[in-house]
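In what follows, a single structure is set out as structure tokens and then discussed.
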Amino acid sequence: MLSSQPQPLPQLSPLELSLQIKSFLSGTDPQHGHKLSPRDHARCSLLLLQCLPPARHAVLEHLRTVFHDSVSSFLSERDSQDALPPSSSSQRRPPPPPSTQGLDEVTLEVQRVLEEFIKLNPRAWAPLISAWSIELMGQLSSKHAGRQGMPHSASLNELLQLWMSCGATRVLMDIYTHCLSTMIGSCPDACVDALLDTSVQHSPHFDWVVAHIGNSFPSTIISRVLSCGLKDFCAHSSPTDTADKRVPKLGSVVGILGHLSSRHGQSIRQEILRMFHESLRPGSKQQRATLPYLLQLAALSPSLLGTVCQDLVDSLKPATLSQLQQHCSTLPREELDNMLNLSVHLACQTSAGAPRLLRFLLDTAMPASVITTPGLAVHDSVREACDRIVRLLLLSLQKQVYGRPGSRGTSEVQPRAVPFLEAMRGHLPELCAEMLRLERKRHLWIHQLIGLLCIYSSPPCSSEALCILLTLAQSSEELGLAVQLHAVLSSSVQGLAQAAVTRSVAQIHAGALTDKCALQLLQNLALVVQCEEGSMGREVGMALSEYLSDFGQLLLHSEPGVCEAACILLCSCPLPTSIPPSQLHILIRSSSHFLFRSMHIRSSSGVSSASRLLLRLCRVSSAGRKAVLNQLVEGALHEGNAGLFGGNRPSSTGPRLGNDTASLLESNSHLGSAVDFSGSVWSVFHAGVIGAGLKPEENSKQLGEEECTENTQSLLSLLCHCCARKGEDGGQSTTLDPEAAKTLAVTLTENACPDVTNSELAWPPEDHARTTVQRDLLIYKCFCQNPLLFQLLHLIAQGRPALCYCSVLLRGLLAVLLAYWEASRHQDSVSSSWHLKASCELVSCMGEGQLLPPALTNMHEMFSLLAPFEVRLLLLSVWDFIQENGPFPQRFVFQSGRGIFTRDFSREGDPAKYMSIVHSVLHRNVDRLGLLSGRFQL
Amino acid sequence: MSDIRHSLLRRDTLSAAKEVLYHLDIYFSSQLQNAPVPLVEKGPIELLEEFIFQVPKDRGSHTKRFSAMQELQLLEILCNYFQEQNKEAVRQVIFSSLFSPQGNKADDQRMALLGKLTSMSVAVCRVPVLECAASWLQRTPAVYCVRLAKALVDDYCGLVPGSVQTLKQIISVSPRFCCQFITAVAALYDMSSEELLPPHNLLEMIVSWIFDDPMLILITFLNTPITANVPLGFLDFSPLMGLVRWCVTAPLAYRRKQKAAGGQLPVESQGLYSKLHLSMLQGLMVLQTHLTEKNLYGRLGLFHFDQLVPLVEELGQLCDELNPLNAEQEMELALDRLAQALQVSMATGALLCARDDLRTLCARLPHNNLMQLVISGPVQPQPAHPSLTPGYYPHIHTPPLGYPSLPAHPALPAHTPIPAHPAVPAIPAIPGHPVQTFMPGMAFPFRPMR
């Protein structure tokens, strides 16, 4: 029991006292000579402590052994308990072995006596006892650290639990805390100093003590540990001392703060900040050393750095900065340099606060502008200093990045991490965006930083940065930054352009970019490929060529701008030597789709770029050309596109499209309505579908004449270029490649007339045409809807002998026209303008394709002057001629001199017999047609 | 010596220490038989340094230190040795060779061990050790003495509560040690700062010692041959001067401490100082009888005028410092005590000086009636006016109420003819120049008090 009154001292006579000394020293009972029990020995030592002041060191030394014994017995008892089967562990503890019995009691007695002393004279005893107890705890922790069954020194909680369950150590801990709490009001430095010293000695095993004490007296321990560290730092900071000497104590300061930082981070932060701000006031040497000390501290402990950095940066207001500057200006140059280097090193080590730190540094280092609020502007010298720090930081990062062993992939050593860069990695997009603002100086720094960042975290980061820049750059100046970045990185990063492009493509596909961004990205890529003859353009181009199909898909993007940009990109990027057919087809399909779409939205730039692309694709291979032609024709004839070329655009695809209620049951109850009769005899009736009433009038919205012409011209010239003979490009007098023209012809035929039955090239007799009425009508309708067809036929006709392959179309149209003219009851043919025009076109076309001899061809010139039946007669003679002289390609002969096929009609029998009708008609209307008679001379 | 050393090197530390003591005992005993004053050579001291103070002799050899336990054993051995060696001269020479400061790095160890040895001897009452320590204190520069005093004060007045009683009892066995101890303590706590005020229990003990026997402060003085002069930097022969300083400066020093700490004046301490002051004055009276007996009155001073100078100056500074603090009472008390001490010491022959010197010295002190009286001196007896008592003071000021009829008063006429003294030069004594150089080389009988 502790009483408030001092206990009466045991009064011993000098003789008794010397006997006690003897027995204490020898460990035996002076009277009886037997050995003292540990307990009695300890009691004897306590007696001496109270009566013989000079013996206190010896007594404390003896008490050490008492505590050692007590702890050992506790641990061995624990071990033996652990060895027992688990069922018994829940039972009560067995009594301790007799030899150590009562040691716990003695330790309590020791505690009582010592605390009594401390209470009576704290100033004298507390430092002594605290040092003793803390050192003893250190010894105990180290001694038993390696023991089996001991928790690892990292698991603080288990260790703490274990040691606090041991009576002896608990007593020691109580004694120490008692010392500390007694001294806390006056000067706890002595106690804390002992803690630091011991912590240096027994570091990992001793941590539980520090943690416990730190948690009991957080604020005191934090501030005292810091100030003791500072004191020690000051004491050893004379220039003769080497740095390694002061590391131990600093190390233990760091260790202790590290323990406390998890729970008392806030206090630590406040305390350090307080020290920092206090040190800025003009003051003593200790205050001058504060700054280097704090820096050193932070350098030793990353967690401390992380804790403090953010708040520190926040607290650096212009006023504080100028204070700091004034403070630093008094320091010697060498010291200043050291501090600067250390700060830069710390900045490199910053991780959590890195973005904030960077922003702060850049903001401060930026030259003042007019916009800056006058009160917030920093002093010039501060700015210069900051500028210097930024440059040093970049330099240091550069050293670290390029100096890393693994940066070239030569070594397997794990490269040293640079926390600053690690942390900035996540903020790459912000950095890029900031750089693109092109603020002076700042963007250069950021550019350099991004470069380092990219090399540091090589594979993903560099491509990301490049990708971001390509997405965001809006002017050539900004794009130039991306190119520069590539130039910087390309030597260190393999396949950078490749990766960047891959990433961009992935971004586009993932929908991560807005249309605007995607558009910008595509434009930038195209620009890079077009304008950069340097490595970047080439590499990007090569990379792009792997993603042709992906860009091809973009041609179908809903946003026309994106399509166009993709199209331009595709135009500019080099094509690989061989494109897989599937890819090629995808490209062709999408680009032709884009072409027609551009026509729809009247975007001439889109049309031209699409045309360029198609032309490009067409030159890839013959299959490509085929596909292009195919697509173009198919597209041009597609009913949705017919209107583009002056054709009729069907207003609705189906009669029921307008109905909201589409019931399967209802439609089934109407016989025949749901069955597709196309191709059968039922669909012959064009007036409408039975049951649906009359077909609605086709109220097509015709495009303007000019647009139609323009579109037609564009398409034709494109086709023309596509079909151009290889090596002949661009000239006016292009000769078409027969093969290409054949493709065109076949495609046209297939599209205009899907029904291929009975569609051989040879023509049957005219009256057999009745069997193909339906097909002929389809063909007729097709021509009606697509005036373009005639143009196409003309084109084909030029590529002789390709027109032969259109013989079905020609025959079908001719059959319909014959029937029309036969039935026509008009006085003159001009009354049915379309048919007249069609007849003229047809004949001239056939003539152009050398299916008809020139004399026969010329008849179309007088069609408009004739009566319908006369037209029919003339057309019949055409039919007859062709029936006789079938439109076969083999009739054409290649003329190597001119490089074209021609047909020599003179060798095919007498054309005169086909001319008789022409001549008779001529005769009959000689009054009007006499002028023309010269045209029909053989 | 070197063969002894070699044999000792093989021993463990403790027995080596024990043995070196044994060898030196034999060595000095034989030396003492040949010569009355043994010559302490370098050899034995080096041996002691190596084996008792554990100072490595060669640079290469590692330092082994006693553990605290071994040290305690060593202390016990030393205590027992001094107890059992009954030849005083051997004890003295061994003690001296053990603990005389050599000015080398072993001195710290030496002082530490001496402190512990003395402290232990106090506890277990080893008189021979204490006597040796008393001699040591006389022979050793004051800086070391102060360290020993500090060690003892720490042990008995600070660390172990209540143990001051043990120290107090020492007076009954070794007053000589106590006298020297008080001198050292007075030198240690010179009241120049707050830390240097004596601890209360120490003060209490000293006051009770002196109050019980004022002779205590004179023991060393009376046991020292008069030829001996106190060299510079050594302790005085008597604690008197130091204690007078305590009494005089105490009121102001405590007031200053109170000002700094803002607490209450420790009344009981002030009471103790009053008591101490009285004992001082009584001690001086005793001195007078002794001097008169020896026919040395007026020829041998206990302290010098030079020693007064720093005291008066310090008092002046303290007064200046505390002046704005309404410390009139304390200043009055301090000046009164000074005046009394001066008057009595002059009257008893402890201080030999001219009043003119005093006047110049005390001129800068604040005004004090008693002091005025003291420095002006008594009116010279006029043979023509037998009605005037010899001790009559002119009424310059109202005489202080406190001491109208001091018991020491009748003694005053004995020393009125001060100018007759050739000892006191007209000019103030040159510092460092002992005042009693005029003294004839007559032997002052060595007269132990017991």
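The values are calculated or read from the model by the stated rules, or taken from the named source; none is laboratory data. Just so you know, these numbers come straight off a predicted model, no measurement behind them. Cβ placement follows ideal geometry from the backbone for every residue including glycine, while neighbour counts extend to all protein chains displayed.
Tabulated data
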item	result
In the stretch A:46-81, residue surrounded by the most Cβ atoms within 10 Å (Cβ to Cβ) [restricted to those that are at the interface with another protein chain (Cβ under 10 Å from one of its Cβ atoms) and of a type in the set (S, T, N, Q)]	A:Q50
Matching residues in the stretch A:493-518 - criterion: being crowded, with 17+ Cβ neighbours inside 10 Å and part of a loop (DSSP other than H, G, I, E, B)	A:V493, A:L513
Elements of type helices (runs of 4 or more DSSP H) in the stretch A:786-879, at least 3 residues being touching a strand residue (DSSP E or B) at 6+ places or on another chain (Cβ under 9 Å) and in the same structural domain as A:N751 (by TED's automatic domain parsing)	A:788-798
Residue match in the stretch A:605-621 (condition: under 23 Å from A:Q785 (Cα atoms) and at pLDDT 85 or above)	yes
Residue list for the stretch A:18-67, filter: touching a strand residue (DSSP E or B) at 6+ places or on another chain (Cβ under 8 Å) and under 19 Å from B:L74 (Cα atoms)	A:G27, A:T28
Residue count, the stretch A:109-134 (criterion: away from chain B (no Cβ under 13 Å), of a type outside the set (S, T, N, Q) and crowded, with 17+ Cβ neighbours inside 10 Å)	3
Helices (runs of 4 or more DSSP H) completely within the stretch B:150-212 that count 2 or more residues being within 14 Å of chain A (Cβ to nearest Cβ)	B:164-168, B:200-212
Checking B:Y189 against (1) under 26 Å from B:N323 (Cα atoms); (2) touching a residue at least 60 places away in the same chain (Cβ under 8 Å), the condition it does not meet	(2)
Number of the exception - A:A741 against (1) at pLDDT below 80; (2) farther than 19 Å from A:V843 by Cβ	(1)
Qualifying positions in the stretch A:94-108 - of a type outside the set (D, E), at pLDDT 70 or above and surrounded by fewer than 20 Cβ atoms within 10 Å (Cβ to Cβ)	A:L108
Members of the stretch A:137-180 that are closer than 20 Å to A:L196 by Cβ, small (G, A, S) and surrounded by 17 or more Cβ atoms within 10 Å (Cβ to Cβ)	A:G138, A:S141, A:S142, A:S153
A:L346 being outside any helix (DSSP H, G or I) and closer than 17 Å to A:F276 by Cα	no
Pairs with Cβ under 8 Å, 6+ apart, first in the stretch A:787-804 and over 17 Å from A:N630 (Cβ atoms), second assigned to a helix (DSSP H, G or I) and among the acidic types (D, E)	A:F790/A:E841; A:H794/A:E841; A:H794/A:E848; A:A797/A:E848; A:Q798/A:E848; A:L803/A:E848
Qualifying residues in the stretch A:30-43 (those that are in contact with a helix residue (DSSP H, G or I) (Cβ under 6 Å, 6 or more places away or on another chain) and surrounded by fewer than 22 Cβ atoms within 10 Å (Cβ to Cβ)) - the one nearest to the other protein chains (Cβ to nearest Cβ)	A:P30
A:R388, sole failed condition from (1) under 25 Å from A:H277 (Cβ atoms); (2) surrounded by 17 or more Cβ atoms within 10 Å (Cβ to Cβ); (3) at pLDDT 80 or above	(2)
Matching option when the condition is more than 10 Å from chain B (Cβ to nearest Cβ) and either without any contact (Cβ under 8 Å) to a residue 40 or more places away in the chain or not aliphatic (A, V, I, L, M) (or both), among A:S18, A:S13, A:S23	A:S23
Positions within the stretch B:97-145 being among the β-branched types (V, I, T) and either outside any helix (DSSP H, G or I) or within 14 Å of chain A (Cβ to nearest Cβ) (or both), in sequence order	B:T118, B:V122, B:V124, B:V127, B:V129, B:T140
